[in-house]
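The values are calculated or read from the model by the stated rules, or taken from the named source; none is laboratory data. Here the structure is a predicted model, which is why all the values come from computation and not from measurement. Virtual Cβ from ideal backbone geometry, glycine too; neighbours counted across all protein chains shown. Ligands, DNA and RNA are stripped out before the accessible areas are found, and what is left, the full protein with its side chains, is counted by its heavy atoms. Shrake-Rupley method; radii C 1.70, N 1.55, O 1.52, S 1.80 Å.
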Amino acid sequence: MNKTRAAITGIGAYLPEYVLDNFELAKMVDTSDEWIMTRIGIKERRILKGENKGTSDLAVEAIKELLVKTNNTPQDIELLICATVTPDMQFPATANIICDKLGITDAFSFDVSAACSGFLFALETAAQYIQTGKVKKAIVVGAEKMSSVIDYTDRNTCPIFGDGAAAVLLEPTEEEVGIIDSILKVDGQGVKYLHLKAGGSVKPASHQTIEDKEHYVYQEGQPVFKFAVTKMSDTSVEMMERHKLSADDIAYLVPHQANLRIIEATARRMGLDKNKVMINIEKYGNTTAATIPLCLYEWEKKLKKGDNLILSAFGAGFTWGAIYLKWAYNS
Ligand code: UT7
């Protein structure tokens, strides 16, 4: 009997309408289109505007499209995992709120907090439920309203991040497609370089934390950059070696979109030409847990059944990893 694998069988996405480009940013902080394009590779990012709008609203729109595209109703879904570091609330999980808004009432759901690696951690978790036969239809959504934790007077962080969401459906298959392998890692020495200081149980919100701007992303860019280049490349190359994959065997690298220089370094180590790398950082910036599924969404029509994809990410924690999958359908 063939092994049951978990396969991605559809994708939906949602990007808010408002476009914050580098020229508008340059009116807010001392920066320029030229600096941001050469150092990071971002031209513009999307921002969710409107009172009482949160990460769940982005996810709901992405999942609505996914359900229509895959011909499923909310009642068909048994598990929903939301990868996010910008939850609607401290609790309950944003995944629960998403289910409520969509009328998914016959499922269990939870959030995964692994920052920019969140989609990979959540995808692997959902895949385990599918592979064991416990669940037949699972949704994994990467969704972030990063603009809710960004200080738009801090030029070190505000050009980098954007808002967005994308969701995939996972189903079992007996064919030689789907998720083949994963390498997922954490290293707590990364905490000090990239975190959000206040609002958790260690430092609850106070007048002082607000005055000290401790509810915004804190990042020391250079150490994060160095770790990201090393870990994303090492892990992606390790995955190739494990499965005896040459650069020719790989259809696409699907990298987390944090910095164009990190993506290019990873592709170089893997020996991949630029046309085999999904890159959309210029349009959306770093949408944290949403970058990888947003890439898959944009490239969906080009993907063919059996294509070998390496998904690769690095983020706060530190967290990082790679997933090797064979694409499961032609669209
Ligand atoms: O996705 C989660 C994981 N995160 C990452 O992967 C991010 C990794 N880090 C990076 O991508 C890069 O480190 C950054 C894009 C954050 C920063 O780029 P960098 O090349 O490391 O710049 P830097 O921080 O070393 O700053 C170089 C100079 C500094 O000026 P001085 O001290 O040399 O005079 C900064 O003050 O650039 C200055 N600078 C800016 N200048 C114009 C920093 N931000 C800006 C800005 N515009 N927005």
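General observations
- Dipole of the stretch 180-326 computed with +1 at Lys/Arg Cβ and -1 at Asp/Glu Cβ about the Cα centre; of Ala289, Ile183, Gly271, farthest Cα towards the positive end is Gly271.
- DSSP H segments from the chain that extend 24 Å or more along their own axis, Cα-based, with Kyte-Doolittle mean of -1.0 or above: 221-242
- The stretch 196-267: GluC sites (Glu not before Pro) falling in loop per DSSP and having at most 13 other Cβ within 10 Å: Glu220
- Apportionment of accessible area to carbon and sulfur, the chain, percent (1.4 Å): 51
- Length-normalised contact order for the stretch 69-116 - Cα pairs under 8 Å, 6+ apart - percent: 50
- Stokes-Einstein D (µm²/s) once Rh is taken as the Kirkwood radius of the chain over alpha-carbon pairs, at 37 °C in 0.692 mPa s: 166
- The chain - share of DSSP beta bridges that are antiparallel (%, nearest 5): 70
- Each peptide in 242-252, 280-290, 6-16 gets a packing score, the mean of other Cβ atoms within 10 Å over its residues, and the list from highest to lowest is 280-290, 6-16, 242-252.
- Charge dipole of the chain (Cα centre as origin; +1 on each Lys and Arg Cβ, -1 on each Asp and Glu Cβ, all else neutral): 540 debye, rounded to the nearest 20.
- Relative contact order (%) - criterion: Cα under 8 Å, at least six apart; region: the chain: 25
- Taking Phe225, Phe121, Phe314 as the candidate residues, the one with maximal mean-square fluctuation in a Gaussian network model of the chain, Cα springs under 10 Å, is Phe225.
- Most fluctuating residue given options Asn52, Asn22, Asn156, as computed from a GNM of the chain linking Cα atoms under 10 Å: Asn52
- For the stretch 5-176, the relative contact order works out to 35 percent when only alpha carbon pairs closer than 8 Å and six or more residues apart are counted.
- Rounded accessible area per residue of the stretch 5-176, 1.4 Å, Å²: 42
- Around the Cα centre of the stretch 180-326, unit charges on the Cβ atoms of Lys, Arg, Asp and Glu (plus for the first two, minus for the last two) sum to a dipole of about 200 debye.
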